[in-house]
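These notes are about the structure you will find just below.
Please treat every number below as a calculation from the coordinates, not as lab data. Since the model is a prediction, treat every value here as computed from it, not as a measurement. No Cβ is skipped: glycine too gets one built from the backbone with ideal geometry, and neighbour counts run over all protein chains shown.
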Amino acid sequence: MIRLYENFNQRKAKVELLYADGAMKMAFCQYRRSSEDAFFIPYTTLTYVREGRKVVFLNGECYDMKAGDTLLVPKNSILYSDIRVKREPFVSLNLLLGDADTLLSPMACHIADHMQLQHYAGMHNMSLSTFKRWFKKEVGCSPGQWMIEKRLQQAKYLLQHKRVSVKEACYSSGFEDVSYFIRRYRQAFGHTPGQAAI
């Protein structure tokens, strides 16, 4: 399940807000136990690993991060994070820049669900056509294209990191037809999902 960045389970980590003003927040984050999480991050975020290691899947790419590494996370991204704690805790500093784009949060946190766009438009008191125009202007593509892109990224994460079957990745990511999923996956990544799982 994808969570909004601010709502992740704080029993897993010690989070301390170091600085906050209207345009920026800086937080210290420490994990003493291993954790796998999926976050929707509505801010442009700079994450710096101070101690430990984590594997991050972002926009269909995998990053193996260790102490001293920094990653820029674009606004409105879904980030899959796998932190493995052995003896020493995992520590990071996270700089969140700008205002949160909360209109996308419900869609991102339910990427695999089959809610109609009308539902999301209604949540923000917009007609469907107004919502689609707003989305295209703010995000740069249609809501349907964005959902498919995010579902494909989730499927790639499941195939490469979780080693699930193509069928399981298809259905877990919100696709209903395996043939359609394979065709869209090949268009997006240049190879079939079966080749990604190898």
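Structure above, values below:
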| read-out | value |
| --- | --- |
| Using alpha carbons only: equivalent-ellipsoid semi-axes of region 105-196, gyration tensor based, whole Å | 27, 13, 10 |
| The chain - mean residue ellipticity at 222 nm from DSSP helices (-39,500 (n - 2.57) per run, n ≥ 4, rounded to 500) | -9000 deg cm²/dmol |
| From the coordinates shown, Cα extents along the principal axes in Å corresponds to which of [x] 65, 41, 32; [y] 45, 43, 26; [z] 52, 44, 31 | [y] |
| Qualifying GluC sites (Glu not before Pro) in region 89-182, DSSP loop, other Cβ atoms within 10 Å at most 13 | E176 |
| Overall form of region 6-70 per C-alpha gyration tensor (a/c, 1.5; a/b vs b/c) | rounded |
| DSSP H segments from the chain that extend 30 Å or more along their own axis, Cα-based, with Kyte-Doolittle mean of 1.0 or above | none |
| Amide proton proximity set for T44, modelled H, under 5 Å, gap of 5+ | K75, L97 |
| Radius 14 Å from Cβ of T130, net charge of other residues (Lys, Arg +1; Asp, Glu -1) | +3 |
| Non-local Lys pairs in the chain, i.e. 8 or more apart or on different chains, that have alpha carbons under 21 Å apart | 29 |
| Note, ³J(HN,Hα) from phi for region 61-77, Karplus 6.51, -1.76, 1.60, rounded to Hz, x at Gly and Pro | 10, 10, 10, 9, 9, 10, 3, x, 7, 10, 9, 8, 9, x, 3, 6, 9 |
| Region 92-147: projected area of the alpha-carbon convex hull, averaged over directions, in nm² | 4.8 |
| Label-point separation in nm, S165 to V178, each point 7 Å along Cα→Cβ | 0.7 |
